[in-house]
1. I'd like the distance between the alpha-carbon centres of segment 33-51 and segment 53-80, rounded to an integer number of Å.
2. If you find the alpha carbon centre of segment 8-26 and of segment 97-142, how far apart are they in angstrom?
3. Let me know the shape class of the chain, please: from the alpha-carbon gyration tensor, a ≥ b ≥ c as square roots of the eigenvalues, rounded when a/c is under 1.5, otherwise prolate if a/b is greater than b/c, or oblate.
4. Using only helices, what value at 222 nm comes out for the chain when you add -39,500 (n - 2.57) per DSSP H run of length 4 or more and divide by the total residues, to the nearest 500 deg cm²/dmol?
5. With the other protein chains left in place, how much accessible area per residue, in square angstrom, belongs to segment 72-113 at a 1.4 angstrom probe?
6. Build a GNM of the chain with springs between Cα atoms under 10 Å: which of Leu80, Leu16, Leu33 gets the top mean-square fluctuation?
7. Which value, in debye to the nearest 20, gives the size of the charge dipole of the chain about its Cα centre, when Lys and Arg are +1 and Asp and Glu are -1 at the Cβ?
Amino acid sequence: MSAKIYRRREVNRIVLTGVVLFGLLEEAAICFLFPQYYTCYMLFIPCYFLLLAVSLLWGMAHFRAEQIHIRRALARMMLLNVSQFITSAAIIVCYALFVGEQKNAFILAFGLYYIWFLGLKLFVFYNMEHFNKFKRLQNKKK
């Protein structure tokens, strides 16, 4: 059984919709179920992850447009992942040190969102790998 290969626009739509919908659901859950833990700083979390998603999708589009070899593209994506992780860790540390308002709730919400975002990244990489396998098979048939 072969997996479905999504086109670039479908992948972009799925990732951006997933980021926005999860952000709305998480913010609504915290705001209505746990209003004592909600702060105005929590609105920053979906905006930040939307920015990360756009950078991920921009990188994928750049690699396809430049037709960079898959190993080199994966190495660059891993560098992007490391930089996103370090930036996320720095944001959590800065929030805990300088703001500190509902620090545990913020870290929990940020962590849940990060796990969701890792799942979306996995979908993008999985789709990229299947696209490249499909492309190689098409080249062998010619």
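The values are calculated or read from the model by the stated rules, or taken from the named source; none is laboratory data. Keep in mind the model is a prediction, meaning the values are calculated, not measured. Neighbour counts run over all protein chains shown; Cβ positions are idealised from the backbone, glycine included. For accessibility, only protein heavy atoms count, side chains too; no ligands or nucleic acids. Shrake-Rupley method; radii C 1.70, N 1.55, O 1.52, S 1.80 Å.
1. 29
2. Computed from Cα coordinates, the inter-centre distance equals 11 Å.
3. prolate
4. -28500 deg cm²/dmol
5. Spelled out: the 1.4 Å probe surface of segment 72-113, per residue, equals 60 Å².
6. Taking springs between Cα atoms under 10 Å, the residue moving most is Leu33.
7. That gives the chain a dipole magnitude of about 1360 debye.
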